[in-house]
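As C-alpha coordinates, the structure follows; a few thoughts come after it.
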Amino acid sequence: MLTGDQIDAFRRDGYLVVPDFVGLDACHELRRRAEEIVDEWEPSSERTVFTTDARVRVSNREFLASGATTWCFFEEDAFDADGELRQPKPLSINKIGHAMHDLDPAFERFTYTAPLAEIARDVGVVDPLVVQSMYIFKQPGIGGEVTCHQDATFLYTDPISVTGFWFALEDATLENGCLWAAPGGHCTGLRQLFKRSGTDDDGTVFEILDPTPLPAPPHELVPLEVPAGTLVVLDGRLPHWSGANRSARSRHAYTVHCISGAVDYPSWNWLQRPADRPLRRLDTVAR
(Lines give C-alpha, C1' and ligand atoms only; values in the text may rest on other atoms or scores of the structure.)
Protein backbone atom coordinates (compact mmCIF):
# COMPACT_ATOMS: atom_id res chain seq x y z
CA MET A 1 0.00 0.00 0.00
CA LEU A 2 2.79 2.43 0.86
CA THR A 3 5.69 3.50 -1.34
CA GLY A 4 9.28 3.37 -0.21
CA ASP A 5 9.28 7.16 0.14
CA GLN A 6 6.21 7.03 2.39
CA ILE A 7 7.75 4.36 4.60
CA ASP A 8 10.96 6.40 4.85
CA ALA A 9 8.93 9.50 5.77
CA PHE A 10 7.12 7.58 8.52
CA ARG A 11 10.39 6.30 9.95
CA ARG A 12 11.88 9.80 9.84
CA ASP A 13 8.93 11.83 11.17
CA GLY A 14 7.00 9.29 13.26
CA TYR A 15 3.79 10.00 11.39
CA LEU A 16 2.42 9.71 7.87
CA VAL A 17 -0.54 11.42 6.20
CA VAL A 18 -2.31 9.21 3.65
CA PRO A 19 -4.90 11.23 1.69
CA ASP A 20 -8.16 9.74 0.41
CA PHE A 21 -7.71 6.46 2.25
CA VAL A 22 -11.45 6.01 2.86
CA GLY A 23 -14.40 7.27 0.87
CA LEU A 24 -16.75 9.97 2.08
CA ASP A 25 -19.67 7.51 2.06
CA ALA A 26 -17.81 5.30 4.55
CA CYS A 27 -17.08 8.35 6.71
CA HIS A 28 -20.75 9.30 6.68
CA GLU A 29 -21.85 5.77 7.60
CA LEU A 30 -19.54 5.71 10.63
CA ARG A 31 -20.69 9.17 11.75
CA ARG A 32 -24.32 8.08 11.48
CA ARG A 33 -23.70 4.93 13.50
CA ALA A 34 -21.80 6.83 16.20
CA GLU A 35 -24.72 9.23 16.55
CA GLU A 36 -27.09 6.27 16.92
CA ILE A 37 -24.92 4.76 19.66
CA VAL A 38 -24.97 8.04 21.59
CA ASP A 39 -28.72 8.39 21.16
CA GLU A 40 -29.32 4.85 22.48
CA TRP A 41 -26.82 5.15 25.36
CA GLU A 42 -27.97 5.92 28.89
CA PRO A 43 -25.33 7.24 31.30
CA SER A 44 -24.91 5.87 34.79
CA SER A 45 -24.84 8.03 37.87
CA GLU A 46 -21.04 8.38 37.56
CA ARG A 47 -21.25 10.36 34.29
CA THR A 48 -17.71 9.47 33.27
CA VAL A 49 -15.75 12.43 31.90
CA PHE A 50 -12.73 11.81 29.68
CA THR A 51 -9.46 13.73 29.95
CA THR A 52 -5.84 13.01 29.05
CA ASP A 53 -4.56 15.49 31.65
CA ALA A 54 -2.49 13.51 34.17
CA ARG A 55 -3.19 16.12 36.84
CA VAL A 56 -6.91 15.38 36.89
CA ARG A 57 -7.16 11.92 35.33
CA VAL A 58 -9.69 9.75 37.13
CA SER A 59 -10.17 6.10 36.16
CA ASN A 60 -13.44 4.68 37.42
CA ARG A 61 -14.97 1.26 36.94
CA GLU A 62 -16.66 2.25 33.67
CA PHE A 63 -13.39 3.42 32.15
CA LEU A 64 -11.41 0.36 33.25
CA ALA A 65 -14.10 -2.00 31.93
CA SER A 66 -14.45 -0.23 28.58
CA GLY A 67 -11.68 -2.22 26.88
CA ALA A 68 -14.26 -4.91 26.16
CA THR A 69 -17.37 -2.73 25.90
CA THR A 70 -18.78 0.29 24.12
CA TRP A 71 -19.16 3.28 26.42
CA CYS A 72 -19.66 7.02 26.00
CA PHE A 73 -17.53 9.57 27.85
CA PHE A 74 -18.58 13.17 28.43
CA GLU A 75 -16.66 16.33 27.62
CA GLU A 76 -15.13 18.10 30.62
CA ASP A 77 -17.15 21.25 29.87
CA ALA A 78 -20.43 19.45 29.22
CA PHE A 79 -21.95 20.22 32.64
CA ASP A 80 -22.93 23.44 34.38
CA ALA A 81 -22.30 24.30 38.04
CA ASP A 82 -25.38 22.31 39.07
CA GLY A 83 -24.21 19.17 37.28
CA GLU A 84 -26.71 19.50 34.44
CA LEU A 85 -25.83 19.27 30.77
CA ARG A 86 -25.35 22.65 29.12
CA GLN A 87 -26.46 21.28 25.75
CA PRO A 88 -28.23 18.16 24.41
CA LYS A 89 -26.56 14.79 25.04
CA PRO A 90 -25.46 14.30 21.39
CA LEU A 91 -23.40 17.51 21.67
CA SER A 92 -21.94 16.62 25.08
CA ILE A 93 -19.99 13.42 24.35
CA ASN A 94 -16.21 13.51 24.08
CA LYS A 95 -15.74 10.00 22.72
CA ILE A 96 -17.00 6.44 22.42
CA GLY A 97 -14.63 3.64 23.43
CA HIS A 98 -13.06 1.16 23.32
CA ALA A 99 -14.26 -2.06 21.64
CA MET A 100 -16.69 -0.92 18.93
CA HIS A 101 -14.43 -2.54 16.35
CA ASP A 102 -15.43 -5.95 17.73
CA LEU A 103 -18.95 -5.26 18.99
CA ASP A 104 -20.60 -3.12 16.32
CA PRO A 105 -20.95 -4.27 12.67
CA ALA A 106 -20.47 -0.79 11.17
CA PHE A 107 -17.26 -0.18 13.14
CA GLU A 108 -16.08 -3.71 12.45
CA ARG A 109 -16.47 -3.27 8.68
CA PHE A 110 -14.60 0.02 8.79
CA THR A 111 -11.74 -1.40 10.89
CA TYR A 112 -10.95 -4.88 9.61
CA THR A 113 -9.86 -4.22 6.04
CA ALA A 114 -7.06 -5.63 3.93
CA PRO A 115 -5.68 -2.17 2.97
CA LEU A 116 -5.34 -1.10 6.61
CA ALA A 117 -3.70 -4.42 7.53
CA GLU A 118 -1.25 -3.96 4.69
CA ILE A 119 -0.34 -0.43 5.83
CA ALA A 120 0.20 -1.75 9.37
CA ARG A 121 2.64 -4.31 8.04
CA ASP A 122 4.31 -1.69 5.81
CA VAL A 123 5.15 0.45 8.85
CA GLY A 124 6.51 -2.54 10.74
CA VAL A 125 3.71 -3.87 12.94
CA VAL A 126 4.31 -7.62 13.00
CA ASP A 127 1.09 -9.68 13.30
CA PRO A 128 -1.05 -6.56 13.98
CA LEU A 129 -3.75 -6.99 16.65
CA VAL A 130 -6.46 -4.38 17.23
CA VAL A 131 -6.26 -3.41 20.90
CA GLN A 132 -8.71 -0.50 21.04
CA SER A 133 -10.87 1.90 19.04
CA MET A 134 -12.08 5.40 19.83
CA TYR A 135 -14.66 7.59 18.14
CA ILE A 136 -13.77 11.21 18.95
CA PHE A 137 -16.37 13.97 18.45
CA LYS A 138 -14.39 17.16 19.22
CA GLN A 139 -17.71 18.88 19.85
CA PRO A 140 -18.31 22.44 18.63
CA GLY A 141 -17.68 25.01 21.33
CA ILE A 142 -16.71 22.55 24.10
CA GLY A 143 -14.42 20.04 22.38
CA GLY A 144 -11.65 19.46 24.90
CA GLU A 145 -7.90 19.72 24.46
CA VAL A 146 -6.01 16.43 24.26
CA THR A 147 -2.75 17.18 26.04
CA CYS A 148 0.55 16.33 24.39
CA HIS A 149 1.16 12.62 24.90
CA GLN A 150 2.67 9.42 23.52
CA ASP A 151 0.30 6.53 22.80
CA ALA A 152 2.76 3.99 24.21
CA THR A 153 2.16 5.57 27.63
CA PHE A 154 -1.36 4.16 27.58
CA LEU A 155 -0.88 0.98 25.52
CA TYR A 156 2.56 -0.30 26.45
CA THR A 157 4.17 -3.42 25.03
CA ASP A 158 7.66 -4.85 25.49
CA PRO A 159 9.16 -3.94 23.11
CA ILE A 160 7.00 -0.93 22.19
CA SER A 161 4.84 -1.72 19.18
CA VAL A 162 1.63 0.32 19.43
CA THR A 163 0.73 2.22 16.27
CA GLY A 164 -2.22 4.56 15.84
CA PHE A 165 -4.41 4.83 12.75
CA TRP A 166 -6.39 8.09 12.90
CA PHE A 167 -9.16 8.63 10.35
CA ALA A 168 -10.53 12.10 9.66
CA LEU A 169 -14.30 11.65 9.29
CA GLU A 170 -14.77 15.41 8.91
CA ASP A 171 -12.33 18.07 7.74
CA ALA A 172 -9.77 18.73 10.49
CA THR A 173 -8.62 22.37 10.60
CA LEU A 174 -6.78 24.75 12.89
CA GLU A 175 -10.14 26.17 13.94
CA ASN A 176 -11.82 22.91 15.01
CA GLY A 177 -8.89 21.18 16.72
CA CYS A 178 -6.77 19.29 14.18
CA LEU A 179 -3.91 17.03 15.22
CA TRP A 180 -0.46 18.48 15.81
CA ALA A 181 2.70 16.33 15.81
CA ALA A 182 6.38 16.66 16.75
CA PRO A 183 8.36 15.51 13.69
CA GLY A 184 11.06 13.10 14.78
CA GLY A 185 9.81 13.12 18.37
CA HIS A 186 9.38 9.36 18.29
CA CYS A 187 13.16 9.01 18.37
CA THR A 188 13.24 10.17 21.98
CA GLY A 189 12.36 7.99 24.95
CA LEU A 190 9.00 7.17 26.47
CA ARG A 191 8.25 9.64 29.27
CA GLN A 192 5.71 7.77 31.42
CA LEU A 193 3.46 4.75 31.82
CA PHE A 194 -0.24 4.71 32.66
CA LYS A 195 -0.79 1.65 34.87
CA ARG A 196 -3.52 -0.03 36.85
CA SER A 197 -2.87 0.53 40.53
CA GLY A 198 -4.27 -2.86 41.58
CA THR A 199 -5.55 -6.19 40.33
CA ASP A 200 -9.18 -5.07 40.57
CA ASP A 201 -10.81 -1.84 39.44
CA ASP A 202 -8.78 0.22 41.92
CA GLY A 203 -7.84 3.08 39.63
CA THR A 204 -4.66 4.00 37.81
CA VAL A 205 -1.35 5.78 38.30
CA PHE A 206 1.24 7.45 36.10
CA GLU A 207 4.79 6.13 36.48
CA ILE A 208 7.48 8.59 35.41
CA LEU A 209 10.22 7.03 33.28
CA ASP A 210 11.89 10.19 32.01
CA PRO A 211 11.15 13.68 33.43
CA THR A 212 12.13 15.39 30.18
CA PRO A 213 9.11 17.49 29.14
CA LEU A 214 7.26 16.61 25.98
CA PRO A 215 7.26 19.29 23.26
CA ALA A 216 5.23 22.34 24.24
CA PRO A 217 2.25 22.90 21.97
CA PRO A 218 1.72 24.44 19.63
CA HIS A 219 5.14 26.04 18.99
CA GLU A 220 7.18 22.83 18.99
CA LEU A 221 4.71 20.89 16.82
CA VAL A 222 3.31 21.10 13.30
CA PRO A 223 -0.42 21.10 12.45
CA LEU A 224 -1.93 18.27 10.43
CA GLU A 225 -4.85 19.95 8.67
CA VAL A 226 -6.47 17.21 6.60
CA PRO A 227 -9.77 16.68 4.75
CA ALA A 228 -12.30 13.97 5.54
CA GLY A 229 -11.18 10.55 4.31
CA THR A 230 -7.53 11.06 5.29
CA LEU A 231 -5.64 8.47 7.33
CA VAL A 232 -2.86 9.61 9.68
CA VAL A 233 -0.51 6.87 10.93
CA LEU A 234 1.16 7.60 14.29
CA ASP A 235 4.18 5.90 15.85
CA GLY A 236 3.48 4.95 19.47
CA ARG A 237 6.36 7.09 20.76
CA LEU A 238 5.37 10.20 18.78
CA PRO A 239 4.35 13.22 20.89
CA HIS A 240 1.11 14.61 19.52
CA TRP A 241 -1.61 17.00 20.65
CA SER A 242 -4.89 18.59 19.66
CA GLY A 243 -6.24 21.86 20.97
CA ALA A 244 -9.71 22.70 22.20
CA ASN A 245 -12.45 23.25 19.66
CA ARG A 246 -14.12 26.59 20.23
CA SER A 247 -15.48 26.84 16.70
CA ALA A 248 -19.03 26.14 15.56
CA ARG A 249 -17.92 23.03 13.61
CA SER A 250 -17.28 19.56 15.00
CA ARG A 251 -14.21 17.47 14.11
CA HIS A 252 -15.25 13.82 14.14
CA ALA A 253 -12.44 11.26 13.93
CA TYR A 254 -12.02 7.53 14.43
CA THR A 255 -8.84 6.01 15.86
CA VAL A 256 -7.69 2.40 15.87
CA HIS A 257 -4.64 1.31 17.87
CA CYS A 258 -2.78 -1.86 16.97
CA ILE A 259 -0.03 -3.76 18.75
CA SER A 260 2.16 -6.58 17.56
CA GLY A 261 1.09 -10.11 18.40
CA ALA A 262 4.77 -11.00 18.81
CA VAL A 263 5.41 -8.88 21.93
CA ASP A 264 4.46 -8.90 25.62
CA TYR A 265 1.36 -6.95 26.74
CA PRO A 266 1.68 -6.42 30.53
CA SER A 267 -1.19 -7.23 32.85
CA TRP A 268 -0.86 -3.78 34.45
CA ASN A 269 -1.97 -2.01 31.27
CA TRP A 270 -5.24 -0.20 31.99
CA LEU A 271 -6.95 -1.84 28.99
CA GLN A 272 -7.52 -5.54 29.51
CA ARG A 273 -9.74 -7.94 27.60
CA PRO A 274 -11.48 -10.96 29.17
CA ALA A 275 -10.36 -14.42 28.08
CA ASP A 276 -13.52 -14.94 26.06
CA ARG A 277 -12.85 -11.81 23.96
CA PRO A 278 -9.24 -12.06 22.73
CA LEU A 279 -7.67 -9.46 20.47
CA ARG A 280 -8.19 -10.06 16.75
CA ARG A 281 -5.75 -9.68 13.88
CA LEU A 282 -6.27 -6.62 11.73
CA ASP A 283 -6.57 -8.80 8.63
CA THR A 284 -9.54 -10.70 10.15
CA VAL A 285 -12.53 -10.79 7.83
CA ALA A 286 -15.37 -8.75 9.29
CA ARG A 287 -18.28 -10.94 10.36
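If the condition is being touching a His at 6+ places or on another chain (Cβ under 6 Å) and more than 24 Å from SER260 (Cα to Cα), then region 84-118 contributes no residue at all.
When only residues in region 82-105 that are aliphatic (A, V, I, L, M) and outside any loop (DSSP other than H, G, I, E, B) count, which is surrounded by the most Cβ atoms within 10 Å (Cβ to Cβ)? Explain how you work it out, then say what you get.
Of region 82-105, the ones aliphatic (A, V, I, L, M) are 85, 91, 93, 96, 99-100, 103.
Within this subset, residues satisfying the condition of being outside any loop (DSSP other than H, G, I, E, B) are 85, 91, 93, 96, 100, 103.
Details: LEU85: 15, LEU91: 18, ILE93: 23, ILE96: 25, MET100: 27, LEU103: 13.
Only one residue tops the list, namely MET100.
Restrict the check to region 119-127 and report whether at least one residue is closer than 25 Å to ASP104 by Cβ and assigned to a strand (DSSP E or B). No: region 119-127 contains no residue that is closer than 25 Å to ASP104 by Cβ and assigned to a strand (DSSP E or B). For region 195-213, state whether one or more residues are surrounded by 15 or more Cβ atoms within 10 Å (Cβ to Cβ), in a loop (DSSP other than H, G, I, E, B) and touching a strand residue (DSSP E or B) at 6+ places or on another chain (Cβ under 7 Å). No: zero hits. The one condition from (1) closer than 23 Å to ALA99 by Cβ; (2) modelled with pLDDT under 95; (3) touching a Ser or Thr at 6+ places or on another chain (Cβ under 7 Å) that ARG277 does not meet is (3).
For region 57-72, the set of residues classified as modelled with pLDDT of 85 or more, surrounded by 16 or more Cβ atoms within 10 Å (Cβ to Cβ) and not in a helix (DSSP H, G or I) consists of THR70, TRP71, CYS72, listed by residue number.
Checked against the criterion of being among the hydroxyl-bearing types (Ser, Thr, Tyr), buried (at least 23 other Cβ atoms within 10 Å of the Cβ) and in a strand (DSSP E or B), region 111-118 has no qualifying residue.
ASP13 meets the conditions (1) more than 20 Å from the chain's Cα centre (by Cα); (2) modelled with pLDDT of 95 or more in every case but one. The failed one is (1). Annotation: GLU220 fulfils all but one of (1) in contact with a helix residue (DSSP H, G or I) (Cβ under 9 Å, 6 or more places away or on another chain); (2) within 25 Å of ALA120 (Cβ to Cβ); the unmet one is (2). Could you say whether any residue in region 222-235 is part of a loop (DSSP other than H, G, I, E, B), modelled with pLDDT under 95 and either closer than 25 Å to GLN139 by Cα or among the acidic types (Asp, Glu) (or both)? No: region 222-235 contains no residue that is part of a loop (DSSP other than H, G, I, E, B), modelled with pLDDT under 95 and either closer than 25 Å to GLN139 by Cα or among the acidic types (Asp, Glu) (or both). Put simply, of LEU103, LEU30 the only residue that is over 19 Å from ASP151 (Cβ atoms), modelled with pLDDT of 95 or more and in contact with a Leu (Cβ under 7 Å, 6 or more places away or on another chain) is LEU30.
Here is a list of conditions, (1) in a strand (DSSP E or B); (2) surrounded by 19 or more Cβ atoms within 10 Å (Cβ to Cβ), and SER250 meets all of them except one; can you say which number that is? Only one criterion is unmet by SER250, namely (1). Filtering region 16-44 to residues that are within 18 Å of the chain's Cα centre (by Cα), not charged (D, E, K, R) and not in a loop (DSSP other than H, G, I, E, B) leaves LEU16, VAL17, VAL18, CYS27, LEU30, ALA34, ILE37, VAL38.
The values are calculated or read from the model by the stated rules, or taken from the named source; none is laboratory data. These numbers come from a predicted model, not from an experiment. Positions of Cβ are backbone-derived with ideal geometry, glycine not excepted, and every protein chain shown enters the neighbour counts.
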